[in-house]
Amino acid sequence: MLTGCYENSIDTKGRLVVPAYFRDQLGSELVLTHSDTKCLRVYSKEEFDSLYQRIAAAKKEGRPGVKGLITYFVSPARSIQCDSQGRLSIPAEMRNRIELERDAVTVGCIDHVEIWNKEEYSKIEDNLDEAAVQEAIDYVGAR
């Protein structure tokens, strides 16, 4: 289970130190891809493979929107590994896509980690729909 929120910074070569907790949970083989929001997602290889299989099955069934999901989410996915210092090298086009220049936030999201531009993540936190959050809390019984 991936939880937690950590502030990070990107070095001049586009590398981000992945918190040790996340590295331990994700394992050594990772997949980096886009998200439906203004962040990047990091999956363990096993979790991404499971997701990939579900997407492939949906494609085979002819489900609407799957072609776009493949183009947007599967096609840009890259297999990556952290270096010996726990750094993840984020390609320039992915950094540019989310305007990630220096300050970053890595967030555990149960089955994956999200990498955010710190300023963008602050906006998300500031604009949470408290009624929707309360409804979700009630639904899952997290009181």
Index of the failed condition, residue 35 passing every other in (1) at pLDDT 95 or above; (2) touching a Lys or Arg at 6+ places or on another chain (Cβ under 7 Å): (1)
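Given the residues 23, 15, which is the only one that is open to solvent by 70 Å² or more (accessible area, probe 1.4 Å), under 14 Å from residue 86 (Cα atoms) and over 13 Å from the mean Cα position of the chain (by Cα)?
23
The values are calculated or read from the model by the stated rules, or taken from the named source; none is laboratory data. Keep in mind that what you see is a predicted model, and the values were worked out from it rather than measured. Using ideal geometry, Cβ is built from the backbone for each residue, glycine included, and neighbour counts are taken over all protein chains shown. Heads up: the accessible areas ignore ligands, DNA and RNA and are worked out on the full protein's heavy atoms, side chains in. Shrake-Rupley method; radii C 1.70, N 1.55, O 1.52, S 1.80 Å.
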